[in-house]
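See structure below.
The values are calculated or read from the model by the stated rules, or taken from the named source; none is laboratory data. What you see is a predicted model; the values in this text were computed from it and never measured. Cβ placement follows ideal geometry from the backbone for every residue including glycine, while neighbour counts extend to all protein chains displayed.
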């Protein structure tokens, strides 16, 4: 029998290499998927609604002979409100608490980005204006992995940013609608919900059809077809990052209940077999306790098969020299979720430069952040936290520079611009500046 | 003989369609380039410096039998400072004024993004931390289109953001170094300059080699090989937008000297044959005057052939009903550069939702902004200003969420998270939250 989870020690000679191997993940590209997606995008661009209808009826097996119009695939605001009224009271309250907290956090984000202007001595005004996108599309997966929390996390930042039209697409395989997803859409301020999915939905959002106006950006997770389609329409519209498998890295000083740490590792591992859950700890005895907790708790988990594969293939318990080394390794991993499960977490948090979200202290389980703390749960994966950020209000805003040069300003700036323009061999640039000189 | 520039009128029945045709631009993908780039990336990833040296000697025709080591391709800080001392005094001063103004504007940008934290009644702390990228690569084209202003515009925001290491790559075809580019690198705070280019330089920056540490993001313009390579390494590193042809849209109320507007159109058109220069104006007589200015001034321009082709193929003078309609069309075009050349420009600027940079009033020629106003000249092209922003300090920073839940906070949040997690069928998420309940 294989070990349940890999154990490493940073003092091993080949530690760096073994860690790199463990972390390595390359998204495979499937030629059959690429080719199918290329065809669907071109077809929807050309034939619009008719193509979207055909693909939806076929791929999502819409019952009763299929939908005969796009109108039949749209969920009315009344139906969304009915879903909100129909779900159990406890679920509705939980969704509303979560939505409220997400909104409060993202409103704080919005306050930070107001734009600015400043006026120079000669009257020249310079600045930056921040404006929302006009219209965005939110992709929500259907079927098994239908997550109402994702609806909140994608739609609320757009709503807070001031986006006028938020179009949500969600496939309904076999015509089955997820009431909690529709309830979340009602709470989050979604403008339209259309029950389409796959590359055909991405194509409709990017290119527009008779019934769907083209959007400016598409966000939200999806399967390989959706990811491929998003990559291909990038440039025509904006997209969020293409997410890799989800990851948790726990840096623990050995003072947290080992069961808590084991369950936090499970909460990442249960997402799918490719998810990655890693513990860094300087205390070998503590690591042994976490290992024992894993062995004892795993059989109690409904998704134990997924967890077992994920932990076995991609998980690790790593003994480090000290907490400083743990922080250094955490910076090189740049994890999506970083728990600093320690007695005085701030001292270690101060040493972290790269992480999608930091969960400080033993009460901050990742699962709280996934649902209802307020910060977004859409986070950079696969080491991209080195250069990218959680999904936020700023993803639904853009900046424009403001340049208002006074007559006096044109005299001084014109000479500088002309000098540099001649140096670059761009004479019309130079003349354009010189014409404004008195 | 063809008309020098297309003339359109918004009252024409087919105006919308003609405008769409004029604006249409699809970047072609060349299979030969794609295949060559794929091979170069894989080879540099595998063989490192040796491969970079080989490609550089071959493609850039490095003289004297080629470089024999990467060290021979590196420009020392002394050589950069020597270039700064060697260029004409007027050029040096112009570069320094431009760099200073760019720095001041971008420092203002940095002030806006400080991150935040807030503490809730139960002691839970939530927030957002903003940190710089560790290491970035800046691609600077060599040969004909070597622009020192681009060095300033790409490197200064990274420097202001606090990036520790800024690695600039610039090819030197036939071994020829551009002294003004090196001087700009000295002024802008570039850490290392390596005289390599093409896909091999992008590969070296993205994957790292024996002498070049892998960077976190690559920015800067390049030819089709560079653009293809950047697209392919996106995800391993961050990249800026892949730029399309440059564009100017001038909204004019007919009160600006027609020669100024003609020259502003030229200043865009002289970039290359695919550049786009468009005027929107409600005054037919004024449009005729601009047309006459174009005819009179064009023969005086050294780059008249490029300008003639650009204006002939992609330019337009468009008569609109009124300034309000001009603003509506400007929003649909979402131009990279938008000049509002009018007596009271602010009233029209208030109606603009989408533009990379807005140049207000008749003294704000685009060329001033290209060089020395302060805002960045790297701007979203091809209608992407609908969803993206000028290059800025924020492109060299990223955010991390901070979640520090108190013991009391875990009691209320834990119940909400567990309710939603059970609803999504993620039991380990639920248990992880419930373990923290008393």
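Summary table below
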| item | result |
| --- | --- |
| Odd one out for residue A:353 among (1) at pLDDT 95 or above; (2) surrounded by fewer than 24 Cβ atoms within 10 Å (Cβ to Cβ); (3) farther than 19 Å from residue B:131 by Cβ; (4) in contact with a helix residue (DSSP H, G or I) (Cβ under 8 Å, 6 or more places away or on another chain) | (3) |
| Lone qualifier among A:379, A:368, A:391 - being surrounded by 23 or more Cβ atoms within 10 Å (Cβ to Cβ), more than 8 Å from chain B (Cβ to nearest Cβ) and touching a strand residue (DSSP E or B) at 6+ places or on another chain (Cβ under 9 Å) | A:391 |
| Unique match (being modelled with pLDDT under 95 and surrounded by fewer than 16 Cβ atoms within 10 Å (Cβ to Cβ)) among A:9, A:20 | A:20 |
| Residue A:406 vs. criteria facing chain B (nearest Cβ under 7 Å), surrounded by fewer than 23 Cβ atoms within 10 Å (Cβ to Cβ) and modelled with pLDDT of 95 or more | yes |
| The range A:115-149 - residue that is out of contact with any strand residue (DSSP E or B) (no Cβ under 9 Å at 6 or more places or on another chain) and in contact (Cβ under 8 Å) with a residue 60 or more places away in the chain and, of those, farthest from residue B:386 (Cα to Cα) | A:122 |
| Residue in the range B:334-350 that is surrounded by fewer than 24 Cβ atoms within 10 Å (Cβ to Cβ) and farther than 22 Å from residue A:406 by Cα present | no |
| Helices (runs of 4 or more DSSP H) contained in the range B:334-438 and holding at least 3 residues within 30 Å of residue A:263 (Cα to Cα) | B:407-423, B:427-434 |
| Residue tally, condition in a helix (DSSP H, G or I) and surrounded by fewer than 18 Cβ atoms within 10 Å (Cβ to Cβ), over the range A:305-327 | 6 |
| Only listed residue being surrounded by fewer than 24 Cβ atoms within 10 Å (Cβ to Cβ), farther than 22 Å from residue B:218 by Cβ, more than 7 Å from chain A (Cβ to nearest Cβ) and touching a helix residue (DSSP H, G or I) at 6+ places or on another chain (Cβ under 7 Å), chosen from B:415, B:438 | B:438 |
| Single unsatisfied condition, residue B:62 versus (1) more than 28 Å from the chain's Cα centre (by Cα); (2) in a helix (DSSP H, G or I) | (2) |
| Single condition residue A:19 does not satisfy, out of (1) in the same structural domain as residue A:202 (by the TED database); (2) part of a helix (DSSP H, G or I); (3) in contact (Cβ under 8 Å) with a residue 60 or more places away in the chain | (1) |
| Complete set of residues in the range A:276-302 that are buried (at least 24 other Cβ atoms within 10 Å of the Cβ) and part of a loop (DSSP other than H, G, I, E, B) | none |
| Evaluation of residue A:207 against (1) within 14 Å of chain B (Cβ to nearest Cβ); (2) under 30 Å from residue A:284 (Cα atoms); (3) more than 18 Å from the chain's Cα centre (by Cα) (one fails), failing number | (2) |
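Conditions (1) within 14 Å of another protein chain (Cβ to nearest Cβ); (2) touching a helix residue (DSSP H, G or I) at 6+ places or on another chain (Cβ under 9 Å); (3) over 21 Å from residue A:365 (Cβ atoms), marked per residue:
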residue	(1), (2), (3)
A:221	yes, yes, yes
A:235	yes, yes, yes
A:274	no, yes, yes
A:280	no, yes, no
A:286	no, yes, no
A:320	no, yes, yes
A:333	yes, yes, no
